[in-house]
């Protein structure tokens with residue numbers, strides 16, 4: 001199997017998925033842009049990875065291949081006529097993780113392993129399989145749009161499943177906990193002289209539109225605060241997870257958009273270990289924060305400036321070499337910032353571990369955390385952190401981003417959304433950058 005951190009473009013011709021493989025794939029979940037499948041078949045190069053496929057375009061009749069936007073091609077140095085979504089996404093991910101800490105020469109937080117070619121009949125079969133899966137109907141009930149894999153896209157992406165690839169978890173894969181947290185935006189915007197947060201205002205907007213029954217009290221920047229702040233964030237996520245917290249163990253779902261379905265013992269363990277995992281992996285969240293900060297804050301002006309710039313570049317049809325590198329770097333930073341605002345941090349966790357035994361397995365991507373359980377006993381867990389869904393954000397969508405930023409700004413209540421109760425650690429956080 002190729003290294004998980006090999007450049008995706010170099011492996012594009014190596015792995016091919018055919019109709020014969022479809023029997024071994026099962027629908028796993030979906031996001032706004034991708035549908036994801038889990039593999040349980042015999043091919044070693046496909047095992048230990050999820051298959052991510054681009055969904056059909058929103059509002060399109062039938063399948064239509066993704067078309068590279070003029071400004072995306074400029075920003076990522078691509079040939080617009082040759083670029084596919086997956087190859088451009090691979091370039092964006094390379095840039096996103098370029099400055100991440102490395103372990104054994106690998107960016108250990110990356111989940112993407114390779115770009116794969118998917119035969120057309122395999123894509124059609126996967127789309128049909130999706131619509132027949134009960135989990136797909138559940139996803140639709142939770143607000144997903146029902147779109148399936150785009151049969152016009154010839155490429156997909158393999159995303160590593162740490163529970164299946166790490167020697168630490170391989171003895172008991174089905175009992176590994178998988179905890180996914182969406183950090184959302186840490187940077188906010190200055191409103192009436194105070195830093196206000198995008199997430200609470202967006203929650204208020206969603207409730208007003210009927211998209212949510214209740215607003216979450218989660219304030220993402222708390223994840224970068226002290227012990228009490230992190231615990232407050234985790235309590236808010238547990239109280240109202242929406243799509244910002246998901247916890248599974250094997251085939252069991254403990255927490256997802258429907259709420260918490262676990263028993264009291266699991267909830268107790270989760271509420272005690274989750275803050276400690278976040279604090280232990282602070283560098284992961286700080287890495288995301290710095291990308292967001294370089295990409296610009298959440299002010300309407302940030303989105304308007306980028307939209308107007310992209311409109312000018314698109315209208316003039318400028319080519320590579322005709323646009324200053326400083327301007328392109330500004331747009332790259334903005335895109336990477338948007339990727340950082342929409343990615344997730346994934347923890348794969350196993351409990352009650354023997355630290356010396358795990359260290360002997362020589363997996364340098366695994367770390368340890370401790371927590372005190374309900375009986376007062378100190379327990380150790382081993383975990384691996386990954387950043388997942390750090391996917392390309394196309395500059396073709398700047399008008400939609402601007403409209404949303406304007407709507408969120410109109411929903412902002414500075415007295416409620418500003419940082420008064422968090423002022424000390426927030427000031428220290430931004431002063432350290």
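Just so it is clear, none of the values below were taken in a lab; they were calculated from the coordinates. Not measured: the values here are computed from a predicted model.
Computed over region 178-431, relative contact order equals 27 percent, with contacts defined as Cα pairs under 8 Å that lie 6+ residues apart. Summary value for the chain: 19 percent relative contact order, contacts being C-alpha pairs under 8 angstrom separated by 6+ residues. Among beta bridges from DSSP that stay inside the chain, the antiparallel ones total about 95%.
Across 255, 207, 22, mean-square fluctuation computed from a Gaussian network of the chain (C-alpha pairs under 10 Å connected) peaks at 207. Take every Cα pair under 8 Å whose residues are at least 6 apart in sequence, average their separation, divide by the length of region 183-255, and the relative contact order is 21 percent.
Among 113, 43, 330, the residue with the largest mean-square fluctuation in a Gaussian network model of the chain, with springs joining Cα atoms closer than 10 Å, is 43. A straight chain from residue 301 to residue 373 at 0.36 nm per residue would run longer than the Cα-Cα distance by 21.2 nm.
Tell me whether the chain comes out rounded, prolate or oblate; compute the Cα gyration tensor, take square roots of the eigenvalues as a ≥ b ≥ c, and use a/c under 1.5 as the rounded threshold. Rounded. Largest GNM mean-square fluctuation across 19, 382, 92, computed for the chain with C-alpha springs under 10 Å, falls on 19. Here is how the number arises for the chain: DSSP H runs of 4 or more residues each give -39500 (n - 2.57), the sum is divided by the residue count, and the result at 222 nm is -11500 deg cm²/dmol.
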